[in-house]
Amino acid sequence: MVSKEKDLMEWFSEILKNAELYDYGNYPIKGCGSWLPNGFLLRDKVTSILRELLNETGHKEVLLPLLITREMLEKEAKHIAGFLGQVYWVTKGGEDKLEMELALRPTSETAMAVIFKNFLLSYRDLPLKVYQIVSIFRYETKTTHPMIRVREVNTFKEAFTFSATKEESLEMVKEAYDIYCRFFDKLGIPYITVERPSWDRFPGAEISIAFDTILPDGKSLQIGSIHYLAQNFSKVFDGKFMRRDGSYDYYHMNSYGISERSIAALLIHFGDDIGAIIPPNLAPLQIVIVPIIYESLKNEILDYSKKVHEIIQLAGYKAILDDREDKTPGEKFYEWERLGVPLRIEIGPREIKEQKLFFAERTGNKKHIPLNELFKQIKISFSNIEIQLKNKARNDMFNKIISVDKLASIDEILRNKKVAKFGICEKEECGKTIDKMLTGASFLGYDFMLKSIGNCIVCNSKTERIGYVAKTY
Ligand SMILES: [Zn+2]
């Protein structure tokens, strides 16, 4: 297997394959991946966390059509300008040429605007928060990568809000921000949050905030985004509501999305050169029990292992007893490690004699524990593994972000597979100056949360804002 350090994307493809999570490259259409049983269970855990966070904050799940008419897509000028090069068109039904071309949704702002204008007639109907988890299609021309750059994004959670005022809409941007922070924190994925510069906003948005994670190869990956769409879509789709005083106005909209890139990010941050590592809170299979058979004690060891397996399962953990006789313990260890199972329990003659168990955590820690402390020790191990994975990912990522105060230093930082951080003012020309001097990298934008007094790296004027430059996926 290629090492993580040497070729990150090649390594990622291999761990997906070895852990039987996701098929990529076997299907005869470029950019289309398939979730295999192990991966589907992981995906299910991740989407459940997201659903829960959205549901408990008053978002309602909906499901809109996949097809969008050309007319709908073309209504908002910037929107279509941004997406035209990426749209898949359905042009025939059977052998008949369709009178109107239909797009496979690249995103659903237009569909949402068309549907909900019929239900948002009065101030009493506002605000509304909805979401769906669906496939979207984008004709990507860059090199594709499993889960990261695909033509069918098949786990796209897109949320939309409709509200009466700009203030309320911006409050909801903050709420979405908070939800996404909680989501990525639960997954243990480190991130920075960046307000994109005006030329890099979502097509049709007035504010775009991105969650970017820096992968081990120093490239930035956008794993979530939140957009304030103002009245841009409601105006072109005639989405009016009646105010309390009887007058009419267009509602304000936001949209925010998270995709399977979040799953890619956690697998990439946590995995090692053996294979995947799935944190216990997300692992479809949390514990594997491997009996170390000695012929003279075979029955005792198997009985003891079965009992341990039973009580672990009764306690609600997802565990498996690997009592296959045609594999050696070493072969089993390797197999379960590649699958990313976070905790292995080994049981041999010594464990029986001493009423103990041997714990091997997938992150490296190994120890004997007394049988009567089993549940306490599982909790401790799970918590250790989660904290270790999270801290390592966080430290690795933030160690890659290097502060600079001279434009000339940026190039070297990028060459060393790092990300540059600097003071920058909000003048568009300063951001554009940086963007223009880069090849194969871009100005990500302005840190959304962090402020610090300093000088703009381009024009030297006083500023509180912080900017980033990185190579990106
Ligand atoms: Zn400046």
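The values are calculated or read from the model by the stated rules, or taken from the named source; none is laboratory data. None of the values given here were measured: they were computed from a predicted structure. A quick note on method: Cβ atoms are made from the backbone with ideal geometry, for glycine too, and the neighbour counts reach across all protein chains shown.
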Mind listing just one residue for me: the one in the stretch 9-55 that is polar (S, T, N, Q) and touching a residue at least 12 places away in the same chain (Cβ under 8 Å) and, of those, nearest to Ile268 (Cα to Cα)?
Ser13
With the first residue restricted to the stretch 448-473 and required to be in the same structural domain as Leu407 (by TED's automatic domain parsing), and the second required to be within 10 Å of the ligand (Cβ to nearest atom) and of a type in the set (A, V, I, L, M), Cβ contacts under 6 Å at 6 or more apart or on different chains are Cys456/Ile424; Ile457/Ile424; Arg465/Ile424; Gly467/Ile424
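A quick yes/no check of all residues on (1) exposed (fewer than 15 other Cβ atoms within 10 Å of the Cβ); (2) at pLDDT 95 or above; (3) over 16 Å from Val404 (Cα atoms):
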site: Lys436; (1), (2), (3): yes, no, yes
site: Cys456; (1), (2), (3): no, yes, no
site: Cys459; (1), (2), (3): yes, yes, no
site: Tyr473; (1), (2), (3): no, no, yes
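Just one of Ile410, Ile401 is modelled with pLDDT of 95 or more and within 16 Å of the ligand (Cβ to nearest atom); which is it?
Numbers: Ile401 fails: within 16 Å of the ligand (Cβ to nearest atom).
Going through Ile410, Ile401 in turn, the sole match is Ile410.
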Members of the stretch 427-450 that are more than 16 Å from Phe211 (Cβ to Cβ) and either out of contact with any strand residue (DSSP E or B) (no Cβ under 7 Å at 6 or more places or on another chain) or aliphatic (A, V, I, L, M) (or both)
Lys427, Glu428, Glu429, Cys430, Lys432, Thr433, Ile434, Lys436, Met437, Leu438, Thr439, Ala441
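Listed here are the residues, each with its yes/no results for (1) within 34 Å of the chain's Cα centre (by Cα); (2) hydrophobic (A, V, I, L, M, F, W, C); (3) crowded, with 19+ Cβ neighbours inside 10 Å; (4) in a helix (DSSP H, G or I).
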| position | (1), (2), (3), (4) |
| --- | --- |
| Val288 | yes, yes, yes, no |
| Lys298 | no, no, no, yes |
| Asp303 | no, no, no, yes |
| Lys307 | no, no, no, yes |
| Gln313 | yes, no, no, yes |
| Lys327 | no, no, no, no |
| Glu331 | yes, no, no, yes |
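Of the residues that make up the stretch 122-129, is at least one in the same structural domain as Glu14 (by TED's automatic domain parsing), more than 29 Å from Phe40 (Cβ to Cβ) and at pLDDT below 95?
Quick first cut of the stretch 122-129, residues in the same structural domain as Glu14 (by TED's automatic domain parsing) only: 122-129.
Adding the requirement that they be more than 29 Å from Phe40 (Cβ to Cβ) leaves 122-128.
Going one step further and asking which of them are at pLDDT below 95, we end up with none.
For the stretch 122-129, residues in the same structural domain as Glu14 (by TED's automatic domain parsing), more than 29 Å from Phe40 (Cβ to Cβ) and at pLDDT below 95: absent.
Kindly evaluate Ser452 against the criterion of being within 16 Å of the ligand (Cβ to nearest atom) and modelled with pLDDT under 95.
Numbers: within 16 Å of the ligand (Cβ to nearest atom): yes; modelled with pLDDT under 95: yes.
Yes: the conditions hold for Ser452.
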Residue list for the stretch 229-241, restricted to those being in a helix (DSSP H, G or I) and touching a residue at least 60 places away in the same chain (Cβ under 8 Å)
Asn232, Phe233, Ser234, Val236
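Which of the residues spanning the stretch 435-449 are among the acidic types (Asp, Glu) and within 14 Å of the ligand (Cβ to nearest atom)? Step through it out loud before you land on a result.
Going through the stretch 435-449, the residues among the acidic types (Asp, Glu) turn out to be 435, 447.
Correct list: Asp435 only.
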Of the residues Leu73, Leu67, only one is more than 22 Å from Ser262 (Cβ to Cβ), at pLDDT below 95 and aliphatic (A, V, I, L, M); which?
Leu73
Please work out which one of (1) over 30 Å from Cys32 (Cα atoms); (2) modelled with pLDDT of 95 or more; (3) in a loop (DSSP other than H, G, I, E, B) is the condition Ile293 fails and give its number.
(2)
Here is a list: Tyr139, Tyr131. Which entry is under 28 Å from Ala230 (Cα atoms) and surrounded by 18 or more Cβ atoms within 10 Å (Cβ to Cβ)?
Tyr131
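Results for (1) assigned to a strand (DSSP E or B); (2) surrounded by 17 or more Cβ atoms within 10 Å (Cβ to Cβ); (3) of a type in the set (Lys, Arg); (4) over 36 Å from the mean Cα position of the chain (by Cα), shown as yes or no for each residue.
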site: Ile345; (1), (2), (3), (4): yes, yes, no, no
site: Arg350; (1), (2), (3), (4): no, no, yes, yes
site: Phe375; (1), (2), (3), (4): no, no, no, no
site: Ile378; (1), (2), (3), (4): no, yes, no, no
site: Ser381; (1), (2), (3), (4): no, yes, no, no
site: Ile387; (1), (2), (3), (4): no, no, no, no
Members of the stretch 341-350 found to be touching a helix residue (DSSP H, G or I) at 6+ places or on another chain (Cβ under 8 Å) and more than 22 Å from Ser296 (Cβ to Cβ), listed by number:
Pro342, Leu343, Arg344
Counted residues, the stretch 403-416 - those being in contact with a strand residue (DSSP E or B) (Cβ under 6 Å, 6 or more places away or on another chain) and surrounded by fewer than 16 Cβ atoms within 10 Å (Cβ to Cβ):
1
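Only residues that are assigned to a loop (DSSP other than H, G, I, E, B) and either touching a Pro at 6+ places or on another chain (Cβ under 6 Å) or away from the ligand (no atom under 15 Å from the Cβ) (or both): list them for the stretch 455-473, please. Outline the logic, then answer.
The initial filter retains those residues of the stretch 455-473 that are assigned to a loop (DSSP other than H, G, I, E, B), namely 456-461, 464-465, 473.
Within the stretch 455-473, Tyr473 is the sole residue that qualifies.
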What residue, of Ile209, Ile226, Ile189, Ile263, is outside the structural domain of Cys430 (by TED's automatic domain parsing), in a helix (DSSP H, G or I) and closer than 30 Å to Cys32 by Cα?
Ile263
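Any residue that is more than 16 Å from the ligand (Cβ to nearest atom), surrounded by 13 or more Cβ atoms within 10 Å (Cβ to Cβ), modelled with pLDDT of 95 or more and on the phi > 0 side of the Ramachandran plot - is there at least one of those in the stretch 417-434? Before the answer, list the steps.
Taking the stretch 417-434 as the starting set, the residues that turn out to be more than 16 Å from the ligand (Cβ to nearest atom) are 417-419.
When the remaining residues are screened for being surrounded by 13 or more Cβ atoms within 10 Å (Cβ to Cβ), the result is 417-419.
Filter once more, so that each one left must be modelled with pLDDT of 95 or more: 417-419.
Then drop every residue that is not on the phi > 0 side of the Ramachandran plot, which leaves 417.
Yes, because at least one residue in the stretch 417-434 is more than 16 Å from the ligand (Cβ to nearest atom), surrounded by 13 or more Cβ atoms within 10 Å (Cβ to Cβ), modelled with pLDDT of 95 or more and on the phi > 0 side of the Ramachandran plot.
Among the residues of the stretch 85-100, which ones are touching a residue at least 24 places away in the same chain (Cβ under 8 Å) and farther than 30 Å from Tyr228 by Cβ? Steps first, please.
Narrowing the stretch 85-100 to residues touching a residue at least 24 places away in the same chain (Cβ under 8 Å): 85-88, 100.
Within the stretch 85-100, just Met100 meets the criteria.
Considering only the stretch 46-54, I want to know if a residue exists there that is over 19 Å from the mean Cα position of the chain (by Cα) and buried (at least 17 other Cβ atoms within 10 Å of the Cβ).
No, the stretch 46-54 contains no residue that is over 19 Å from the mean Cα position of the chain (by Cα) and buried (at least 17 other Cβ atoms within 10 Å of the Cβ).
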State all residues of the stretch 132-152 that are assigned to a strand (DSSP E or B) and closer than 23 Å to Glu71 by Cα; if no residue qualifies, say none.
Gln132, Val134, Ser135, Ile136, Phe137, Glu152
